[in-house]
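*Asks:* For reference, the structure I am asking about is given below.
The values are calculated or read from the model by the stated rules, or taken from the named source; none is laboratory data. All of these numbers come straight from a predicted model, not from anything done at the bench. Cβ placement follows ideal geometry from the backbone for every residue including glycine, while neighbour counts extend to all protein chains displayed. Heavy atoms of the whole protein, side chains included, go into the accessibility calculation; ligands, DNA and RNA do not. Shrake-Rupley method; radii C 1.70, N 1.55, O 1.52, S 1.80 Å.
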Amino acid sequence: MFDEIQFEKIKRLPKYVFAAVNELKMAERRAGEDVIDFSMGNPDGPTPQHIVDKLVECINKPRTHGYSVSKGIYKLRGAVGGWYRRKYNVDLDLDREVVVTMGSKEGYVHLVQAITNPGDLAMVPDPCYPIHSQAFILAGGNVHRLKLEMLEDYRLDEDAFFDNIETALRESSPKPKYLVVNFPNNPTTATVDLSFYERLVELARKERFYIISDIAYAEITFDGYVTPSVLQVPGAKDVAVESYTLSKTYNMAGWRVGFMVGNAKLIGALEKIKSWLDYGTFTPIQVASTIALTDDQSCVAEICDVYRRRRDVMIKSFENAGWPILPPRASMFVWARIPEQLRSMGSLEFSKKLLTEGKVAVSPGIGFGAYGDEYVRVAMIENEERIRQAARNIRKFLKSSES
Ligand SMILES: Cc1ncc(COP(=O)(O)O)c(C=O)c1O
């Protein structure tokens with residue numbers, strides 16, 4: 001019935017690659033198998049107690065039960081401003097340059113909806129967090145993929161990246177209006193230094209495109225690495241916005257709180273579209289999020305340390321199992337090149353095989369873009385004991401695939 005009515009937008013979205021691995025994982029579990037699951041970026045730890053306590057205190061006040069404020073309550077926007085001042089020495093206008101979002105994904109998708117005209121072109125790295133490209137497709141735009149290459153220590157190969165941007169600006173039609181950057185990067189864990197943003201802001205001002213930066217993993221860094229913000233660059237607010245989330249740093253993924261800050265024109269567009277779409281995150285969640293950003297930050301160091309210890313266990317035990325991987329400098333992921341003898345099968349087949357034969361679930365790199373196909377993403381969301389168990393499974397799996 002109604003075959004002539006087609007949903008063109010939905011048809012432009014590719015099939016979700018991760019669904020194939022998810023379905024297999026469920027089937028294994030239903031069959032009673034113990035699958036060690038590194039496939040999602042969903043933090044496994046609890047939200048710090050003082051944040052939960054604030055939520056409970058606030059939810060017991062009936063006046064917090066109504067609609068909230070779409071752009072975020074003033075106190076939370078103030079806490080966001082304080083976070084940027086403390087961490088990056090950046091001052092924000094709380095009314096014009098800050099919007100609270102229902103997680104950074106919601107903010108990103110709606111910003112892109114608000115600013116994309118039909119056929120607009122955006123430059124998005126490949127591989128990338130899938131919504132970074134698909135949001136433009138959903139909004140009726142198009143995407144120019146920029147190959148993301150890294151140096152040995154997971155630092156972005158900046159020269160290669162800028163070459164790719166300049167080629168896109170020179171050769172693409174229409175000329176790209178937007179560039180998405182995400183460092184520390186999901187899935188590759190690639191990092192940049194402030195000099196990268198200095199160069200980028202200069203180029204964006206000259207060539208006239210907007211930068212949309214996502215620093216979801218800003219606080220999950222190791223070995224002394226500190227995540228820079230594009231907004232630290234003088235004049236960046238003319239061309240850039242940046243999003244952050246409480247999901248990862250405070251183990252608050254289910255709460256759905258984040259924020260976007262920076263260029264007043266883009267932030268105004270996001271605020272306006274959100275004012276039509278939502279009534280804001282539930283007030284008790286916003287109040288507890290204010291506490292998360294302003295109270296004692298020792299929980300952040302503790303959460304980061306959990307990931308660092310897991311990273312160290314994973315790198316060492318996987319190497320002993322026959323899968324050497326360089327340690328990342330940031331994020332909750334390890335971006336692992338598929339062992340050479342199995343690389344030619346591609347990341348989807350490798351992930352399926354590792355799951356069915358090794359009982360370890362990872363995300364195939366192809367799900368993040370064509371250039372990810374020699375890799376899998378391993379999320380550090382299982383504890384150290386489970387990581388060691390996974391390494392034992394992997395050792396057996398690699399041995400049996402040799403024969
Ligand atoms: C790079 C990146 N941005 C945004 C998000 C989404 O975060 P949120 O929970 O704030 O929507 C994720 C989640 O995995 C992510 O990896």
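*Asks:* Residues with amide H under 5 Å of V257's amide H, sequence separation 5 or more or different chain, H placed in the peptide plane at 1.01 Å from N; which?
*Replies:* Sorted by chain and number, the residues that satisfy this are G103, L246, S247.
*Asks:* Could you sort the peptides 229-241, 297-309, 387-399 by per-residue average Cβ neighbour count (10 Å cutoff), highest mean leading?
*Replies:* 229-241, 387-399, 297-309
*Asks:* Treating cross-link reach as a plain straight distance, find the lysines whose alpha-carbon is under 17 Å from the alpha-carbon of K274, omitting any fewer than eight places away in the same chain.
*Replies:* K71, K105, K265
*Asks:* On to the next question. Which length gain, in nm to one decimal place, applies between V226 and D193 when the Cα-Cα distance is subtracted from 0.36 nm times their residue separation? List each step's numbers first, then the result.
*Replies:* Numbers: separation 33, 0.36 × 33 = 11.88 nm, distance 0.84 nm.
Here the answer is 11.0 nm.
*Asks:* So, with a 1.4 angstrom probe, what is the percent of accessible area on region 220-317 that is carbon and sulfur?
*Replies:* Values: 2020 of 3520 Å².
Exposed carbon and sulfur together represent 57 percent of the surface.
*Asks:* Can you run phi through the Karplus equation (6.51, -1.76, 1.60; θ = phi - 60°) for region 219-229 and list ³J(HN,Hα) in whole Hz, with x for Gly and Pro?
*Replies:* 9, 9, 10, 10, 6, x, 5, 10, 6, x, 10
*Asks:* Work out from phi, with θ = phi - 60° and the Karplus expression 6.51 cos²θ - 1.76 cosθ + 1.60, the ³J(HN,Hα) of each residue of region 153-169, listed in order in whole Hz, and give x for Gly and Pro.
*Replies:* 9, 6, 6, 4, 7, 4, 4, 5, 5, 5, 4, 5, 5, 5, 5, 4, 5
*Asks:* I'd like the FRET efficiency for E374 and R63, computed as 1/(1 + (r/R0)^6) with the beta carbon distance as r and R0 of 41 Å, rounded to 0.05.
*Replies:* Numbers: r = 55 Å, r/R0 = 1.35.
The value I calculate is 0.15.
*Asks:* Classify region 94-248 from the C-alpha gyration tensor, please: rounded if a/c falls under 1.5, else prolate or oblate depending on whether a/b exceeds b/c.
*Replies:* It comes out rounded by the Cα gyration axes.
*Asks:* Next up: Using the reciprocal of the averaged 1/r over all distinct C-alpha pairs, how large is the Kirkwood radius of region 1-79 in Å?
*Replies:* Hydrodynamic radius (Kirkwood, Cα only) of region 1-79 equals 18.5 Å.
*Asks:* Among N60, N89, N42, which one shows the biggest mean-square fluctuation in a GNM of the chain, springs joining Cα atoms closer than 10 Å?
*Replies:* Result for the chain, Cα springs under 10 Å: N60 fluctuates most.
*Asks:* Turning to a different aspect of this structure: Using every pair of alpha-carbon atoms in region 244-295, split the distances into 5 Å bins beginning at 0 and state the percent of pairs per bin, rounded to integers.
*Replies:* Here the calculated profile for region 244-295 is 4, 17, 24, 23, 20, 10, 1.
*Asks:* Then there's this: From zero up to wherever the largest Cα-Cα distance of region 203-327 sits, split into 10 Å bins and tell me the percent of pairs in each.
*Replies:* Percent of pairs per bin, in order: 11, 30, 31, 20, 8, 1.
*Asks:* Could you compute Rg(Cα) / (2.2 N^0.38 Å) for region 81-177, with N its residue count? Mind showing how you got there, number by number?
*Replies:* Working: Rg = 16.0 Å, N = 97, 2.2 N^0.38 = 12.5 Å.
Against the compact-globule rule of thumb, the ratio is 1.28.
*Asks:* Going by the alpha-carbon gyration tensor, a ≥ b ≥ c the square roots of its eigenvalues, is region 157-233 rounded (a/c under 1.5) or, if a/c is not under 1.5, prolate (a/b greater than b/c) versus oblate?
*Replies:* The shape class here is prolate.
*Asks:* Under a no-solvent Debye model with one identical scatterer per Cα of region 290-377, what's log10 I(q)/I(0) at q = 0.14, 0.19, 0.24, 0.26 Å⁻¹?
*Replies:* -0.58, -0.88, -1.21, -1.33
*Asks:* Using only Cα atoms, what Kirkwood radius does the chain have, in angstroms?
*Replies:* 22.1
*Asks:* Under the rule of -39500 (n - 2.57) per DSSP H run of 4 or more residues, summed and divided by the residues of the chain, what mean residue ellipticity at 222 nm is obtained, to the nearest 500 deg cm²/dmol?
*Replies:* Details: 14 runs with 178 residues, N = 403.
Helix contribution divided over all residues of the chain: -14000 deg cm²/dmol.
*Asks:* Moving to a separate point now. If each of D238 and E152 carries a label point 7 Å out from its Cα toward its Cβ, how far apart are those two points in nm?
*Replies:* Rounded to a tenth, the inter-label distance reads 3.9 nm.
*Asks:* What length, rounded to one decimal in nm, is gained on full extension from S298 through to I5, with 0.36 nm per residue of separation minus their alpha-carbon distance?
*Replies:* 100.0 nm
*Asks:* Need the C-alpha centroid separation for region 212-236 versus region 294-329, integer Å.
*Replies:* Taking the Cα centre of each part, region 212-236 and region 294-329 sit 19 Å apart.
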